[in-house]
Amino acid sequence: MRIVIQHISGHEAGRSESFPLGTVRIGRDESCDVRLDLHRDLEVSSRHSEIYLDPARGLRLRDLGSTNGTWLDGDRVEDAPLPSGARIELGRGGVELRVRLRRSLREWLTGRDPAKPRAAPV
């Protein structure tokens with residue numbers, strides 16, 4: 001699986017990025033995976049939020065103590081489940097992103113996640 005992030009608004013509007021399933025940090029700092037413009041996307045904190053995989057609870061969105069908050073489909077969140085197709089706002093009325101999960105071709109053809117080990121034959 002891959003996390004696909006589409007930039008709906010902001011300086012990067014129209015751009016899409018794809019990341020392996022895991023932790024994806026979002027902000028204006030150069031250490032972030034999804035890097036927003038330091039001088040134009042001012043409502044976004046340096047290290048604003050992150051998308052992460054919790055093995056027990058699935059894909060989640062967490063605010064990293066941002067100044068203007070993280071909004072998921074219109075609701076302010078601190079840490080919440082992140083369904084595929086969800087809309088994230090970085091600051092109320094700020095940069096909008098859409099998040100989708102995409103399966104690899106191998107996953108579609110075989111019906112299994114290549115990152116998961118196969119069960120040992122009995």
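For Asn68, what is the net charge nearby, where nearby means another residue's Cβ is under 14 Å from its Cβ and Lys, Arg count +1, Asp, Glu -1?
-2
Quick one: Karplus J couplings for region 69-74, per residue in order, coefficients 6.51, -1.76, 1.60, θ = phi - 60°, nearest Hz, x for Gly and Pro?
x, 10, 10, 10, 6, x
Could you compute the FRET efficiency for Thr67 and Ser31, with r as their C-beta to C-beta distance and R0 at 25 Å, rounded to 0.05?
0.90
Which GluC sites (Glu not before Pro) in region 52-105 sit in a loop by DSSP (not H, G, I, E or B) and have at most 13 other Cβ atoms within 10 Å of their own Cβ?
Of the GluC sites (Glu not before Pro), the ones in loops of region 52-105 whose Cβ has at most 13 other Cβ atoms within 10 Å are Glu78.
What number comes out for the charge environment of Gly94, summing +1 per Lys or Arg and -1 per Asp or Glu over other residues with Cβ under 9 Å away?
My count for the surroundings of Gly94 gives -3.
Can you list, largest first and rounded to whole Å, the semi-axes you get for region 56-103 by taking the square root of 5 times each eigenvalue of its Cα gyration tensor?
Equivalent ellipsoid semi-axes, largest first: 18, 13, 8 Å.
Could the peptides 55-65, 24-34, 4-14 be put in order, highest first, of the mean number of other beta-carbon atoms found within 10 Å of their residues?
Highest to lowest by the protection proxy: 24-34, 4-14, 55-65.
A short reminder: the numbers here are calculations on the coordinates, not readings from a lab. None of these values were measured; they are calculated from a predicted model. As a convention, Cβ positions derive from the backbone with ideal geometry for all residues, glycine included, and neighbour counts pool all protein chains shown.
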